[in-house]
Every structure is written in C-alpha cells, then in structure tokens.
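Input: a single structure, listed below in structure tokens.
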Amino acid sequence: MVAAIAAIEIPRNEWLDLVQLLCSNSQHTDAQVKLTSLQTLGFICEELEPEHLSAQLKNQIIHCLTTTINKNEGNNFPSTVIASKALLKSIEFADNNFKVPQERDFIMNKVFEGLECQHVQVREAAMQTLVELAHLQYDSIEFYLKQIALVTA
C-alpha cells in the first residue's frame with residue numbers, strides 16, 4: 001500500500017522524506033519495523049523508475065540495502081533475505097554508485113557475500129542480482145566476472 005502511494009507521490013516530488021525514513025528504520029532495533037522498512041523499500045524500487053529519484057535518494061537506498069546484507073547474519077537472517085531481494089529490485093538505481101570504484105567494490109563484495117551465504121534465498125537473490133548487474137553494468141563489473149572465471153578455472 002505504501003509503495004503504491006509512493007509510486008504516485010515521489011515522481012511528483014512529494015513525500016520524498018519517505019525513503020529517508022525507511023532507510024533510517026532499516027536500522028531500527030524492533031525487528032518488525034526493520035523488516036517492514038526493508039521490504040517497503042524493495043516494493044518502492046519495483047514501482048519507480050530511476051529518474052523519479054534524486055541521486056542522493058538512490059544512493060541512500062543502495063547504501064541501506066547493501067549494508068544490511070551480511071553472510072554471517074545469525075539472527076538477522078530475515079533482514080539479509082529481504083535486503084538481498086530488495087537490492088535486486090533497486091540495482092537499476094545504482095548507476096552513479098558503479099562510477100565510483102570504492103562504492104562499486106562495496107556493492108560487489110556484498111553481492112559476493114550473498115553468494116556465499118548459507119541460506120538459499122539469499123544466494124538466489126545474489127545470483128539474480130549478479131545477472132542483472134551483468135546486464136546493466138557489464139563494463140563496470142567485467143573485472144569481477146573475470147576474477148570469478150579465474151577462481152573457478
């Protein structure tokens with residue numbers, strides 16, 4: 001419901017503080033607030049086009065989702081699953097992040113962490129994200145793909 005309203009409001013430059021609030025709530029101590037915020041971010045990313053968000057808001061979303069992914073998540077498993085799935089929906093917002101080597105490295109490391117996670121849902125989302133990145137950002141991630149090929153050869 002929130003994502004549907006956001007899909008109408010955000011392109012009209014209204015309710016822009018929603019993304020900031022959800023990103024902030026993704027670090028909340030209450031697990032339900034955290035999970036709901038991450039899931040809502042994913043739904044919003046699914047509904048919006050990249051041009052509907054400022055570079056700052058796109059960066060906040062990508063940062064929020066990637067910092068939540070943790071292959072050694074323990075009790076935070078649901079957060080990692082939801083963040084991994086939401087990252088897949090948000091990856092088209094990461095164009096600017098992939099132009100900055102440190103940010104690109106951080107995102108790719110988080111995707112690779114997802115591939116190493118013991119939970120199949122996280123691995124599936126990470127693999128789907130890697131495929132989407134290869135489609136959208138091949139020139140930026142070619143190095144990483146070659147490194148994978150060398151390791152597996």
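The values are calculated or read from the model by the stated rules, or taken from the named source; none is laboratory data. These figures come from a predicted structure and were not determined experimentally. We place every Cβ from the backbone using ideal geometry, glycine too, and count neighbours over all the protein chains shown.
Can you find a residue in segment 87-94 that is closer than 22 Å to SER140 by Cα, touching a helix residue (DSSP H, G or I) at 6+ places or on another chain (Cβ under 6 Å) and among the polar types (S, T, N, Q)? Checked segment 87-94: at least one residue is closer than 22 Å to SER140 by Cα, touching a helix residue (DSSP H, G or I) at 6+ places or on another chain (Cβ under 6 Å) and among the polar types (S, T, N, Q). When segment 31-66 is filtered for residues that are acidic (Asp, Glu) and within 17 Å of PHE77 (Cα to Cα), nothing remains. Just one of the numbered conditions (1) more than 18 Å from SER140 (Cα to Cα); (2) modelled with pLDDT under 95 is not true of PHE112: (1). Of all the criteria given as (1) exposed (fewer than 14 other Cβ atoms within 10 Å of the Cβ); (2) in contact with a helix residue (DSSP H, G or I) (Cβ under 7 Å, 6 or more places away or on another chain); (3) among the basic types (Lys, Arg), the one not satisfied by LYS99 is (2).
Taken over segment 81-112, the criterion of being free of Cβ contacts under 8 Å to residues at least 12 places away in the same chain and either in contact with a Gly (Cβ under 9 Å, 6 or more places away or on another chain) or part of a loop (DSSP other than H, G, I, E, B) (or both) is satisfied by VAL100 alone. Taken over segment 116-127, the criterion of being assigned to a helix (DSSP H, G or I) and either touching a Ser or Thr at 6+ places or on another chain (Cβ under 9 Å) or of a type in the set (Phe, Trp, Tyr) (or both) is satisfied by GLN121, VAL122, ARG123, GLU124, ALA125, ALA126.
When each of ALA94, ALA83 is tested for being under 16 Å from SER26 (Cβ atoms), buried (at least 24 other Cβ atoms within 10 Å of the Cβ) and of a type in the set (Gly, Ala, Ser), the lone residue that passes is ALA83. Looking at this structure, is THR68 in contact with a Gly (Cβ under 8 Å, 6 or more places away or on another chain) and either closer than 22 Å to LEU35 by Cβ or polar (S, T, N, Q) (or both)? Judged against the criteria, THR68 is not a match. In segment 38-84, what residues are charged (D, E, K, R) and within 11 Å of the chain's Cα centre (by Cα)? Across segment 38-84, the qualifying residue is only LYS58.
Beta carbons closer than 7 Å, at least 6 apart along the sequence or on distinct chains, pair a first residue in segment 113-133 that is closer than 14 Å to TYR144 by Cα and surrounded by fewer than 19 Cβ atoms within 10 Å (Cβ to Cβ) with a second that is small (Gly, Ala, Ser) and at pLDDT 90 or above for LEU115/ALA126.
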